[in-house]
Amino acid sequence: MADEVTTDFGREAETETTAQRERGRRDADTETDPEGGEVEDGNEFYRIHQTQLARTMEHVDLENHVELILSEPKNEIIVNFPVQMDDGDYRLFTGYRIQHNNIMGPYKGGIRYHHDVTLGEIKALASVMTYKCALLEIPFGGAKGGIRMVTDDHSGDELESITRRFTHDLGTNIGPEYDIPAPDMGTNGQTMVWMMDTYMNMHNQLSKNARRRIVTGKTIASGGSRGREKATGQGVVYCIQEWADERGVRLDGCEYILQGFGNVGSHTARILSRLGAVLVGVQDHTGSIMNRDGIYPRKLNEHVENNGGIAGYPEAESIDGDEFWGLDCDICIPAALELQVDEDVASSLDCDLVIEAANGPTTLEAEPVLADRDIEVIPDVVANAGGVVVSYFEWVQNKRSESWQLQEVDSRLHFMMKRAFHEMRAFAREHDVDNRTAAFAVALDRLNDVYTERGVFP
């Protein structure tokens, strides 16, 4: 989120590791969190996103009014709501839902529960969703939501109450044909089922079941799609396969490092292992580990489920953060939080490819360093789009009262990821620009075409 990047509760506080807390590299202003501490206001991430877009617009013949419309979200919804805790006390939570643009279709984007959720971060992520859907030719617009909180501090009953109250207070600001939430960092299928059930019970009982598509990323039993849980990781791997085919790289025996071992990271690793790729290093919020002979993703996943993180995994050596980023490998996969690959990390990396399974993991200062060192970047706007693609599939299945088999879901996902990847690469080659600029340019061209044809009413 990733956007639509699904994680388990508390699992992807995933790397405020050496890259953030230990080095403290962001210089954004701070605001107070619900626990009385300070959190960054997210403006640095938003500034980076705006700079990347401005750079892209030099290569796109964009109408002035379209640039103006896309510069800010259509709607910024902030709700403050009380919830009774298990001990009987009440706490006030702040929830956000940012609706960036809906020219292509209903607003679409994840709901994030994390202690660093801020308005600036959510605005940037909502904007990215607009371009991601346009690039993948999904008939959705861009949105994002979240609540600032520490999920590990709350019981399951409290999380349910927080989710239901947030859904209730959003009211008609969401809807199955208007704005469709999904899981993101700190939320999962169960969260979406709570949201769905709350929304369904707020509306006409005669059309209750038709409203299950109010959210995507649900559990299978409650109307979810097969393949949705692994969708973001699966999309990452499809992109890696296209990159490997283009470069003539053999994935069997290819070595990679992975930052973040939540939903996205673990599924990416499991799928890559079936292709013969070798995981040699992992980092999460509990530390960094390495094994040059390979780390088995399924065994590591069992360890993480039992211990809350990768620290102490017996079949790998503990290393420090700087050593992790400097491991010799072919591919680096950031699958955690924003702004992890800074200038220092970019200078340390010893790989051929950085593929952004996370949202916005690369800073502006790191990009020229990576380019100078001939390290290719597959940007988040395409790399982690698998989640929203399969969310769209789920929405269609609910709308049609259908249930697709996994093979059909994966086949359709593969087609859409492959098409978007090669459209990005074709623009990059034709205009001699980097992949990120190319991906945004393809998306902006499509948005510009729609606004040009439809005009601005009245």
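The values are calculated or read from the model by the stated rules, or taken from the named source; none is laboratory data. Quick caveat, the model's predicted, so the values are computed rather than measured. Because the Cβ atoms are built from the backbone with ideal geometry, glycine has one as well, and the counts that use them run over all protein chains shown.
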Checklist entry - Within the stretch 185-209, how many residues turn out to be small (Gly, Ala, Ser) and touching a His at 6+ places or on another chain (Cβ under 9 Å)? => result 1
Item to check | Test: Gly217 is touching a Ser or Thr at 6+ places or on another chain (Cβ under 7 Å) and in a helix (DSSP H, G or I) | outcome: no
Item to check | So Glu394, is it over 22 Å from Gly233 (Cβ atoms), acidic (Asp, Glu) and not assigned by TED's automatic domain parsing to the domain that holds Pro183 | outcome: no
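Rundown of residues vs (1) of a type in the set (Phe, Trp, Tyr); (2) outside the structural domain of Gly175 (by TED's automatic domain parsing); (3) surrounded by 23 or more Cβ atoms within 10 Å (Cβ to Cβ); (4) over 15 Å from Tyr392 (Cα atoms), yes/no style:
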site	(1), (2), (3), (4)
Asn201	no, no, no, yes
Asn209	no, no, no, yes
Ile214	no, no, yes, no
Gly217	no, no, yes, no
Ile240	no, yes, yes, yes
Next on the checklist: Condition check: under 14 Å from Tyr131 (Cβ atoms), of a type in the set (Lys, Arg) and surrounded by fewer than 20 Cβ atoms within 10 Å (Cβ to Cβ). Does Arg47 satisfy that?
Outcome noted: no
Checklist entry - Can you find even one residue in the stretch 119-136 that is part of a loop (DSSP other than H, G, I, E, B) and either modelled with pLDDT under 95 or touching a Pro at 6+ places or on another chain (Cβ under 6 Å) (or both)? => result no
Next on the checklist: On the basis of being in the same structural domain as Arg298 (by TED's automatic domain parsing) and modelled with pLDDT of 95 or more, does Arg373 make the cut?
Outcome noted: yes
Next on the checklist: Looking only at strands (runs of 3 or more DSSP E) that lie completely in the stretch 261-364, which have at least 2 residues being under 30 Å from Val128 (Cα atoms)?
Outcome noted: 278-284, 287-290, 331-334, 353-355
Item to check | Residue, surrounded by the fewest Cβ atoms within 10 Å (Cβ to Cβ), within the stretch 275-322, restricted to residues that are among the basic types (Lys, Arg) and over 20 Å from Cys332 (Cβ atoms) | outcome: Arg298
Next on the checklist: Can you confirm whether Asp380 is acidic (Asp, Glu) and under 22 Å from the mean Cα position of the chain (by Cα)?
Outcome noted: yes
Checklist entry - For Glu430, are the conditions met, namely being surrounded by fewer than 24 Cβ atoms within 10 Å (Cβ to Cβ) and farther than 20 Å from Arg446 by Cβ? => result no
Next on the checklist: Cβ-Cβ under 8 Å, sequence separation 6+ or interchain: first residue in the stretch 410-428 and outside the structural domain of Glu246 (by TED's automatic domain parsing), partner hydroxyl-bearing (Ser, Thr, Tyr). Which pairs?
Outcome noted: Leu413/Tyr238; His414/Tyr238; Met417/Tyr238; Lys418/Tyr238; Phe421/Tyr238; Ala428/Thr437
Next on the checklist: Take the residues in the stretch 358-395 that are among the small types (Gly, Ala, Ser) and surrounded by fewer than 24 Cβ atoms within 10 Å (Cβ to Cβ); name whichever of them is nearest to Leu337 (Cα to Cα).
Outcome noted: Ala366
Checklist entry - So is Val377 of a type in the set (Val, Ile, Thr) and not in a strand (DSSP E or B) or not? => result no
